[in-house]
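The values are calculated or read from the model by the stated rules, or taken from the named source; none is laboratory data. Predicted model only: the values in this text are computed from it and were never measured. With ideal geometry, Cβ positions are generated from the backbone for all residues, glycine too; neighbour counts draw on all protein chains shown. Side chains are part of the model used for accessible areas, which takes the heavy atoms of the whole protein and leaves out ligands, DNA and RNA. Shrake-Rupley method; radii C 1.70, N 1.55, O 1.52, S 1.80 Å.
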Amino acid sequence: MSLGITLLVHGQQGLRFIENKGQWPAQVAYMGELSGATIWMERNAVVIDRYDTERLHQAHANVNFRVDAAENATLRHHAVRLTFLSATTAARTTADRPFITRYNYFIGNDPARWGRKARAFATTTLHEVAPGIDAVFREGRAGLKYDLVVAPGADPGALRFTYEGADELSVRDGALIIGTSLGRLVERIPIAYQQIGEERRTIACSYVLTDGVISLRTGPYDTQLPLIIDPELAFATFSGSVSNNFGYSASFDAAGFLYAGSTAFGNQYPVTLGAYQTTWAGGTTDIALSKYDTTGSFLVWSTYLGGGAAEMPHSLFVDENDQLVVLGTTASTNFPTTSGAYDNTFGGGTPFTPTGLGLSYPNGSDMIVARLSADGSALLGSTYLGGSGNDGLNSAPGLKFNYADEVRGEVLLDELGRIWVTSCTQSTDIPVTAGAAQGSFAGGSHDGYVARLNPTLTQLQYASFIGGSAADAVYAGALDDSGRLYVCGGTVSTDLPVTAGAWSTVNLGGAAEAFVARLAIDGSSVEALSYYGSTAYDQAYFVEIDGEGSVYLFGQTSAPSGQLHLNATYHIPAGGQFLAKLNSDLTTLLIGARIGSGDGTPDISPTAFLVDVCDKIYTSGWGSSAGGLGGSLTTTGLPVTADAHQPTTTGHDLYLAVFDIDMTALTYATYYGGPVSPEHVDGGTSRFDRRGRVYQSVCAGCQNNDDFPTTPGAWSSTNNSSGCNSAVLKFDFDAPLVIAAFLVPD
């Protein structure tokens, strides 16, 4: 049996363990370097020597850095030694997976210390760290990673180890925390999987800490079966803003960089030199946009985007050139638009104040769509999109169910780089194009709205209403391989233009009903539209398309127990969220499942959704009723798996879950949050990439708390404001999945 353990020491690509050819002390077998740490492999121990990377970077990059100043004379280090107390007399260290490169070391004038032609390896193994147990070290996606390989007949309970030199050792939520003066090291929950035929079986495993000595407690297992790696946390960080700063939206690029969209309530949000807008424009809030590196340790770029009144970001999307596209709403008459933009004029509306978001739209709202350059220094395109009523804000009774549901809507890019917007509008005169599927406002407080603009945002190529005679809202969209747009949302209308043979042609009632629709490639018609719901409350917040063209929905429901279930092995009869799979024509329900705590009401507000290349289903959401959020949402009682990153909840956390193909099982589920503040999202969309990594925006640490769990070396481990900070989470589910790629980031 192997036990997968991740030690989060942030790394760079290509960790190499270089052999000792006499250039280092004799007890060292191999040395490896990570960003911020040097790893020394000994016979029965590993020394992790951390150093102050910020001070090193200052000395390297700042020509005015005084090396003669006393405070700059030394570089701070903190070393800890991972010592295996249970190592046998046969303990030794070997290496495997050699690289071609050779290294030469000429240290001093003593040739005996000149290590010539030293080889480098991708993995090292400490053999016999306990009888019959080896520790295999390598680079993980989040840093240094090791597996404990238990031989047949060996006892994992015999393993004993400690961290000499640590300021503190503790076990929190199942994770081992190693405190140092330069931040925490973290060993995530160790877990082993048994593969028995087609069944994947989890082996329970936990840390035991007694008087500074760590051991492992495992459940029953078959020692002949291989490991399937447990999930690992890539990074989590606060924005570090001194001004209040609320988290809304997040996205990613092909290299795994995270982009965050938030609101900044002042001029002390961290921006970078050369960014497009380095000063706060005023008016309660500006949009704040930040790009984090793949480890979350620094800002690649960070900028404001706003005018003299309030703005909110709703959705982000990054194109193949790493240019960030933003969908938001504004109350500013001077929001920055670009020359030749489709619309340079604010349309306005009626006064509106979203609940609890700390801002207002005294003159109504327009949508804005903007594109920023890859380095965040230039606004490549920016336009208003709206009419004389309020646009982009979901405010209808029944449809605004969760805190911050006003801030729904999504931006997408197709293969031609054209920008799609899905949202809602109260404007009867918002632009629509000739031949659109629905050319006029159908009635009620607002209709759904779909638009397509060219890549430079200078032309409106397509726009259409989608709605009936009562309130309707479109929350999300997805494009299939043919370029057809699917949208989903919520409605109170009983007269949506359902199509012949649709799975559900009737709004069954309740406060709201979910719906899903498919537009023709040219947008001239609604090719397929179906309701999806019950006699109670139902809304669809996300839609996804798999490789076969099937359509998946993720939403909330209060349907009577047992309804909305078909062909799903994993199903909670009274679950407050639903997952559905329909055929591409929306005429047949293939899979229907309820998920959640099973109390008959929604538990979480959905924030991200994915069907990956292997048709596994990923969900993200938050639940809390504390801190003025209102409602009945809570993460209490939601099921988690034995390998959960955080197995306990205060009831006010994020909830991440993965389901096997066609809802045959709950594969992985965890909470994520701190012990004090209620984690939540102020509307907006976050995203999964196709590998199943979630890029999640969070409104965290409210009331000046620092309890949102961040990773070692995070850009900011503290909320520096008196209120909330936008925090971001990149969580890697580490699925057993390989996707070919040819992108090599710096």
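Past 22 Å, Cα to Cα, is the threshold; run Lys400/Lys730; Lys145/Lys730; Lys291/Lys400; Lys291/Lys730 against it and keep the listed order.
Working: Lys400/Lys730 28 Å; Lys145/Lys730 17 Å; Lys291/Lys400 30 Å; Lys291/Lys730 13 Å.
Correct reply: Lys400/Lys730; Lys291/Lys400.
Give, as a single signed number, the net charge of other residues whose beta carbon lies under 15 Å from the beta carbon of Pro639, with Lys and Arg counted +1 and Asp and Glu -1.
Working: positive: Arg594; negative: Asp599, Asp603, Asp643, Asp653, Asp660.
Spelling it out: positives minus negatives among the neighbours equals -4.
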Suppose every Lys and Arg Cβ carries +1 and every Asp and Glu Cβ carries -1, with no other charges. What dipole size does region 379-508 come out with about its Cα centre, to the nearest 20 debye? 60
Compare the Cα positions of Pro336, Gly132, Ser686 along the charge dipole of the chain (+1 at Cβ of Lys, Arg; -1 at Cβ of Asp, Glu; about the Cα centre) and return the one farthest towards the positive end. Gly132
Give the relative contact order (percent, whole number) for region 285-420; include only Cα pairs under 8 Å separated by 6+ residues. 22
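Would you work out the relative contact order for the chain, in percent, from Cα pairs under 8 angstrom that are 6 or more residues apart? Don't skip to the answer; put the middle values down first.
Values: 2341 pairs, mean separation 79.0, N = 746.
The value is 11 percent.
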Roll a 1.4 angstrom probe over the protein heavy atoms and tell me the percent of accessible area of the chain that is carbon or sulfur. 51
Report the extension gain between Ala254 and Ala500 in nm, rounded to one decimal, defined as 0.36 nm multiplied by the number of residues separating them, less their alpha carbon distance. 84.5 nm
Name the cysteines of the chain that stand alone by the Cβ rule: no other cysteine Cβ under 4.7 angstrom. Cys205, Cys424, Cys488, Cys614, Cys699
At q = 0.19 Å⁻¹, base-10 log of I(q)/I(0) for region 119-184 (Debye sum, equal scatterers on each alpha carbon): -0.98
What the 5 Å binned alpha carbon P(r) of region 381-467 shows, as percent of pairs per bin from 0, is 3, 15, 24, 25, 18, 10, 4, 0
Let me know the charge dipole size of the chain about its Cα centre in debye, to the nearest 20, where only the beta-carbon of Lys, Arg (+1) and Asp, Glu (-1) is charged. 1760
Using amide H atoms built 1.01 Å from N in the peptide plane, name the residues 5+ places from Leu34, or on other chains, whose amide H lies under 5 Å from its own. Ile39
With all protein chains in place and a 1.4 Å probe, Cys205 shows an accessible area in Å² (nearest 10) of 10
Using 10 Å bins from zero, what percent of all Cα-Cα pairs in region 565-616 falls into each bin? 24, 47, 28, 1
Restricting to DSSP loop positions (anything but H, G, I, E, B) with no more than 13 other Cβ atoms inside 10 Å of their own Cβ, which GluC sites (Glu not before Pro) remain in region 501-601? Glu548
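What is the sum of charges, Lys and Arg at +1 and Asp and Glu at -1, for the other residues whose Cβ falls under 15 Å from the Cβ of Ala700? Show your work: numbers first, answer last.
Numbers: positive: Lys730; negative: Asp653, Glu679, Asp682, Asp706, Asp707.
Its environment carries a net charge of -4.
Per the Kirkwood treatment, what hydrodynamic radius in Å, one decimal, follows for region 251-305 from the mean inverse distance over all distinct Cα pairs? Provide the component values of the computation, followed by the final result.
Details: mean 1/r = 0.0872 Å⁻¹.
Hydrodynamic radius (Kirkwood, Cα pairs) of region 251-305 is 11.5 Å.
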Output needed: percent of Cα pairs per 20 Å distance bin for the chain, bins running from 0 to the one holding the longest distance. 17, 48, 28, 7, 0
Accessible area per residue, Å², the chain with all protein chains present, probe 1.4 Å: 35
How high is the relative contact order of region 368-426, given as a whole-number percent (alpha carbon pairs under 8 Å, six or more residues apart)? 27
Taking the alpha-carbon centre of each part, the distance from region 331-369 to region 495-570 in Å is 31
Would you kindly derive the ³J(HN,Hα) couplings of region 116-122 from the backbone phi angles with the Karplus curve 6.51 cos²θ - 1.76 cosθ + 1.60 (θ = phi - 60°), listing them in order in whole Hz, with x for Gly and Pro? 9, 6, 6, 7, 10, 9, 7
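What is the sum of charges, Lys and Arg at +1 and Asp and Glu at -1, for the other residues whose Cβ falls under 9 Å from the Cβ of Gly674?
Numbers: positive: none; negative: Asp653, Glu679, Asp706, Asp707.
Within the 9 Å Cβ shell, the charges total -4.
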Just tell me which aspartates and glutamates come within less than 19 Å, Cα to Cα, of Lys581; anything on the same chain fewer than 8 places away is out. Asp480, Asp481, Glu513, Glu527, Asp538, Glu544, Asp546, Glu548, Asp612, Asp615, Asp660, Asp662
